[in-house]
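The values are calculated or read from the model by the stated rules, or taken from the named source; none is laboratory data. Bear in mind the structure is a predicted one, so any value in this text is a computation, not a measurement. We place every Cβ from the backbone using ideal geometry, glycine too, and count neighbours over all the protein chains shown.
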């Protein structure tokens, strides 16, 4: 791991292990010395002087999603309707739980969150949820 101190209380963290990288992005919120950290993927347009992040990774659930939609490609596509799919929950990926599908999605904070998606001639509810493991 490599850490660089930037301006405005920002840090650039480079992780060589992909598993550590996805855990850092999706297992938050992170708290150090009673301060919440905003963790986001670095982009070339990042400016430490920007007052707020433009995007955030959130966990969303599709409650009561019909079982025939439980395929990696389909759930990823549904997530991309909300933002950019980052990661599918283990139970969703392995189809071990059919109560809901859960995935991490990067959302644009300047846009309204998507509350539902038209799917299979009905509205599919979209819920913002805590990450797997209950870190909220």
(request) Can you tell me which residue within the range 83-98, out of those that are touching a helix residue (DSSP H, G or I) at 6+ places or on another chain (Cβ under 9 Å) and assigned to a loop (DSSP other than H, G, I, E, B), is surrounded by the fewest Cβ atoms within 10 Å (Cβ to Cβ)? (result) 96
(message) Can you pull out every residue in the range 59-74 that is surrounded by fewer than 19 Cβ atoms within 10 Å (Cβ to Cβ) and under 28 Å from residue 110 (Cα atoms)?
(response) 63, 72, 73, 74
(message) Within the range 1-69, considering only strands (runs of 3 or more DSSP E) that don't extend past its boundaries, which have at least 3 residues that are within 17 Å of the chain's Cα centre (by Cα), in the same structural domain as residue 105 (by TED's automatic domain parsing) and in contact (Cβ under 8 Å) with a residue 60 or more places away in the chain?
(response) 55-63
(request) Would you point out which residue out of 61, 19, 40 is modelled with pLDDT under 85 and out of contact with any helix residue (DSSP H, G or I) (no Cβ under 7 Å at 6 or more places or on another chain)? (result) 40
(message) Please count how many residues of the range 99-121 are in contact with a strand residue (DSSP E or B) (Cβ under 8 Å, 6 or more places away or on another chain) and surrounded by fewer than 18 Cβ atoms within 10 Å (Cβ to Cβ).
(response) 9
(request) Mind listing just one residue for me: the one in the range 122-136 that is part of a loop (DSSP other than H, G, I, E, B) and crowded, with 17+ Cβ neighbours inside 10 Å and, of those, modelled with the lowest pLDDT? (result) 131
(request) Can you confirm whether the range 75-82 contains a residue that is surrounded by 13 or more Cβ atoms within 10 Å (Cβ to Cβ), within 14 Å of the chain's Cα centre (by Cα) and either in a strand (DSSP E or B) or touching a residue at least 60 places away in the same chain (Cβ under 8 Å) (or both)? (result) no
